[in-house]
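Each remark here refers to the structure printed beneath this line.
The values are calculated or read from the model by the stated rules, or taken from the named source; none is laboratory data. Everything numeric in this text was worked out from a predicted model, so none of it was measured. In this analysis, Cβ positions are derived from the backbone assuming ideal geometry, glycine residues included, and neighbour counts consider all displayed protein chains.
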Amino acid sequence: MFKLPQLPYPKTGLAPLFNEEQMTFHYDKHHNAYIVNLNKFIETDPSLKGKSLEEIVLSSTGGIFNNAAQIWNHTFFWFGMSPVGTGGQPSAELAAQITKDFGSMDELKAKFVDGGVKTFGSGWIWLCVGTDGKLSLVSTSNAAVPFTGNGPVPILTADVWEHAYYVDYRNLRQKYLEVFWSQINWAFVSENFATKKVRDLTKTMV
């Protein structure tokens, strides 16, 4: 059984990106609902018991996949952000790769924001790394994750479901993504880039 992972900051800690009302709806209600739903599936399906969250994401379909993937996506999303002034900078290795693949940090930001704005309907915008070390941007719909089907490894994501930002930004998705960029936890992103492995998030919720 899984439990809601503890945030690495208080629910007021991401202001001005998100206010406490937004965090309460998104974390306490939406994210927790996926946990509750997945645990119900586990109770009735013995094949799921003992599996890590990542194993369930990679081996399931339908409702089980949707809930497991959304748990993984949201947990990764929370850990990829930080309070104002604490996010640091990309590691030297990541900064060099950003320059190589995108030209500059400003160009990466512009393409990340644009990719998130153009993600149709509900979904996620991801910065990923391939086995060759090359960075790429990936847009996914609904609960989909980049790493199924031997896809690239995520190192950063922004949630572009409307419930992620509507309390604070209404329909201004671009404004939300621009503020998001100013509160990235670059230590987390740099670590993901260095390992080039799908993040083990199971340990944060058992």
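The helices (runs of 4 or more DSSP H) located wholly in region 1-111 that include 1 or more residues which are touching a Ser or Thr at 6+ places or on another chain (Cβ under 7 Å) occupy 20-23, 53-59, 62-79, 92-102. Tell me, yes or no, whether region 122-129 has at least one residue that is part of a helix (DSSP H, G or I) and touching a residue at least 40 places away in the same chain (Cβ under 8 Å). No, region 122-129 has no match at all. Whether a residue is closer than 16 Å to PHE79 by Cα, within 17 Å of the chain's Cα centre (by Cα), surrounded by 15 or more Cβ atoms within 10 Å (Cβ to Cβ) and of a type outside the set (D, E, K, R) was assessed, and TRP161 does not pass this test. One residue alone among LEU108, LEU48 is under 19 Å from the mean Cα position of the chain (by Cα), of a type in the set (A, V, I, L, M, F, W, C) and modelled with pLDDT of 95 or more, and that residue is LEU108. Just one residue in the set ALA69, ALA33, ALA15, ALA95 is without any contact (Cβ under 8 Å) to a residue 12 or more places away in the chain and closer than 27 Å to TYR165 by Cβ; that residue is ALA33.
Each row is one residue, and each column tells you yes or no for (1) among the hydrophobic types (A, V, I, L, M, F, W, C); (2) not in a helix (DSSP H, G or I).
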residue: THR140; (1), (2): no, yes
residue: ALA144; (1), (2): yes, yes
residue: GLY149; (1), (2): no, no
residue: LEU156; (1), (2): yes, yes
residue: HIS163; (1), (2): no, no
residue: VAL167; (1), (2): yes, no
residue: GLN174; (1), (2): no, no
residue: VAL179; (1), (2): yes, no
residue: ALA187; (1), (2): yes, no
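Name the single residue, out of those in region 132-156 being polar (S, T, N, Q) and either touching a Pro at 6+ places or on another chain (Cβ under 8 Å) or within 20 Å of THR99 (Cβ to Cβ) (or both), that is surrounded by the fewest Cβ atoms within 10 Å (Cβ to Cβ).
Within region 132-156, the subset polar (S, T, N, Q) is 136, 139-142, 148, 150.
Cutting the leftovers down to either touching a Pro at 6+ places or on another chain (Cβ under 8 Å) or within 20 Å of THR99 (Cβ to Cβ) (or both) gives us 136, 140.
Working: SER136: 14, THR140: 21.
Selected residue: SER136.
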